[in-house]
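Written out below as structure tokens is the structure these notes cover.
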Amino acid sequence: MTKKLSPKSPRKQRRLVRDSGQHAHRSMLRCRLDDSLREEYGLRSLNVKKGDLVRIMRGQFRDTEGKVLGVDYRTIRVLVDGASTTKSDGKEARVPLHPSNLMLVKLELSDERKKRIQARAATIAESE
């Protein structure tokens with residue numbers, strides 16, 4: 001099985017993301033793991049979920065940690081507790097962040113998520 005090549009042109013990359021369905025956006029919501037989690041699970045990245053603790057690595061909110069309040073599959077953005085700005089009328093507005101600018105520090109583990117992580121780690125271990 002050969003890997004499908006992606007175009008190098010930024011215009012075509014943006015078009016590929018824009019024209020893909022929301023089910024495909026789930027795989028684009030991957031976030032890298034902290035070093036301790038990486039050693040524990042043997043994985044490099046995981047999908048972001050509501051309730052996870054993340055550290056913001058880029059942008060004006062760099063080095064702040066916060067809980068994930070929501071995940072927007074349509075726009076491929078994550079809402080974090082610590083990332084908010086004040087609007088001109090004085091209201092607080094949450095700033096949506098791209099998952100590539102985040103790092104997972106602590107996971108919100110349910111039974112189903114544990115099973116998926118273990119299964120994925122097993123398939124990666126078999127391929128190596």
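The values are calculated or read from the model by the stated rules, or taken from the named source; none is laboratory data. Note that the coordinates shown come from a computational prediction; the quantities given were computed from them, not determined experimentally. Glycine also receives a Cβ, built like all others from the backbone with ideal geometry; neighbour counts cover every protein chain displayed. Please note that ligands, DNA and RNA were not included when accessible areas were found on the heavy atoms of the full protein model with its side chains. Shrake-Rupley method; radii C 1.70, N 1.55, O 1.52, S 1.80 Å.
Rounded, prolate or oblate, given the Cα gyration tensor of the chain, with a/c below 1.5 counting as rounded?
The shape class here is oblate.
Counting only protein chains, not ligands or nucleic acids, how are Ser110, Ser88, Ser127 ordered by accessible area (probe 1.4 Å), most first?
Ser88, Ser127, Ser110
Which is farthest toward the positive dipole end of the stretch 31-103 among Val95, Gly42, Thr64, measuring Cα position about the Cα centre, with Cβ charges +1 (Lys, Arg) and -1 (Asp, Glu)?
Val95
Please work out the average accessible area per residue across the stretch 1-125, using the 1.4 Å probe convention, and give it in Å².
Here the residues of the stretch 1-125 average 72 Å² of exposed surface.
Please list, in order along the stretch 92-109, the HN-Hα scalar couplings obtained from phi with the Karplus expression 6.51 cos²θ - 1.76 cosθ + 1.60 (θ = phi - 60°), rounded to whole Hz, x for Gly and Pro.
For the stretch 92-109, the Karplus curve yields 8, 10, 6, 9, x, 10, 7, x, 5, 9, 10, 9, 6, 9, 9, 9, 8, 9 Hz.
From the cross-link list Lys3/Lys50; Lys50/Lys114; Lys12/Lys114; Lys50/Lys115; Lys49/Lys115; Lys50/Lys91, which pairs have alpha carbons spaced over 25 Å apart?
In this structure, Lys3/Lys50; Lys12/Lys114 exceed 25 Å between Cα atoms.
Only Cα pairs under 8 Å and at least 6 apart count here; give the relative contact order of the stretch 26-128 as a rounded whole percent.
Answer for the stretch 26-128 is 29 percent.
Applying the Karplus parametrisation 6.51 cos²θ - 1.76 cosθ + 1.60 with θ = phi - 60° to the phi angles of the stretch 67-76, what ³J(HN,Hα) value in whole Hz is obtained for each residue in order, glycine and proline being reported as x?
So the Karplus estimates, Gly and Pro as x, are 7, 6, 8, x, 10, 9, 6, 5, 9, 6 Hz.
May I ask what percent, to the nearest 5, of DSSP beta bridges between residues of the stretch 1-127 are antiparallel?
90 percent
Could you tell me what percent of the accessible area of the chain is made up of carbon and sulfur, with a 1.4 Å probe and every protein chain present?
Of the solvent-accessible surface of the chain, carbon and sulfur hold 48 percent.
Using a basic spin-label model with each label point 7 Å from the Cα along Cα→Cβ, how many nm lie between Ser88 and Ser45?
3.7 nm
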